[in-house]
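The values are calculated or read from the model by the stated rules, or taken from the named source; none is laboratory data. Every value quoted in this text rests on a predicted model; they were computed, and no experiment measured them. As a convention, Cβ positions derive from the backbone with ideal geometry for all residues, glycine included, and neighbour counts pool all protein chains shown.
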Amino acid sequence: ETGVTQTPRHLVMGMTNKKSLKCEQHLGHNAMYWYKQSAKKPLELMFVYSLEERVENNSVPSRFSPECPNSSHLFLHLHTLQPEDSALYLCASSREHAGNTIYFGEGSWLTVV
Amino acid sequence: LAKTTQPISMDSYEGQEVNITCSHNNIATNDYITWYQQFPSQGPRFIIQGYKTKVTNEVASLFIPADRKSSTLSLPRVSLSDTAVYYCLVLYNFNKFYFGSGTKLNVKP
């Protein structure tokens, strides 16, 4: 138990579906992240939110839409995805000061069919 | 951007000490060095963090030389359950964490 909870743990969706991944952190952190991990690839930083404002958007396609309604919750809205978007999507959080540590959730396995 | 370089994979046997070295030539003054462990289908888990010299906790030690351009994660007496991918992370910005390719450690009986 890391204090970062992701739901659902597994999701299968068609290319025309709209779904959302949810993340909640119980650590009182101010920063939250979405990472993508494809098979045999390094973790890719997708989005960073700090105090509910997006501070990083690493050229992620618009079919991925993040939302951070408050410092404890982060969503990733999915729309018209492609099969190559199938991956493990990891949410994480951290405090905002030098030497802080990032804590990950268990991830949401997404399969696009 | 502080890029890290690690060996792609390492093999070891149960009971041995394993040392994984990470190079980070462009580390900045305020950067910390952090190591994570990741098992298949799980999120990375924090192992240890340090700024300089040596840090030790209940699971590992971290050795950082004076120039801080590299660091070594030391796992004492590994077991089969230590088979995982180990990531070295240098904090680029206080809220921008970038991961390298990691080192896949395979512990054999």
On the phi < 0 side of the Ramachandran plot, hydroxyl-bearing (Ser, Thr, Tyr) and under 11 Å from the mean Cα position of the chain (by Cα), is that true of residue B:86?
yes
How about segment A:73-101: which of its residues are part of a loop (DSSP other than H, G, I, E, B) and either closer than 16 Å to residue A:37 by Cα or more than 10 Å from chain B (Cβ to nearest Cβ) (or both)?
A:80, A:81, A:82, A:86
Give segment A:28-54 a look and list any residue that's more than 13 Å from the chain's Cα centre (by Cα) and surrounded by fewer than 14 Cβ atoms within 10 Å (Cβ to Cβ), or say none.
A:28, A:38, A:39, A:40, A:41, A:51, A:53
Name the residues in segment A:30-63 that are more than 14 Å from every other protein chain (Cβ to nearest Cβ) and touching a Phe, Trp or Tyr at 6+ places or on another chain (Cβ under 8 Å), would you?
A:60
Positions within segment A:29-72 being in a loop (DSSP other than H, G, I, E, B) and of a type in the set (Lys, Arg), in sequence order
A:40, A:41, A:63
For segment B:6-37, which positions are modelled with pLDDT under 95, under 30 Å from residue A:10 (Cα atoms) and more than 11 Å from the chain's Cα centre (by Cα)?
B:8
One residue is enough: does segment B:63-72 have a residue meeting the conditions touching a Lys or Arg at 6+ places or on another chain (Cβ under 9 Å), within 11 Å of chain A (Cβ to nearest Cβ) and over 22 Å from residue A:36 (Cβ atoms)?
no
Looking for something among the charged types (D, E, K, R), within 14 Å of chain A (Cβ to nearest Cβ), touching a residue at least 12 places away in the same chain (Cβ under 8 Å) and part of a loop (DSSP other than H, G, I, E, B) - is there at least one such residue anywhere in segment B:10-28?
no
Meets criteria (exposed (fewer than 15 other Cβ atoms within 10 Å of the Cβ) and of a type outside the set (Ser, Thr, Tyr)) for residue B:91:
no
Hey, residue B:35 hits all of (1) out of contact with any Asp or Glu (no Cβ under 6 Å at 6 or more places or on another chain); (2) at the interface with chain A (Cβ under 10 Å from one of its Cβ atoms) but one; which does it fall short on?
(2)
With the structure loaded, tell me whether residue B:81 is exposed (fewer than 13 other Cβ atoms within 10 Å of the Cβ) and within 14 Å of another protein chain (Cβ to nearest Cβ) or whether it fails that test.
no
Taking segment B:38-53 and keeping only residues that are over 23 Å from residue B:11 (Cα atoms), surrounded by 12 or more Cβ atoms within 10 Å (Cβ to Cβ) and more than 10 Å from chain A (Cβ to nearest Cβ), one is left with B:52
Qualifying strands (runs of 3 or more DSSP E) (wholly inside segment B:36-109; at least 1 residues being of a type in the set (Phe, Trp, Tyr))
B:45-50, B:61-64, B:84-90
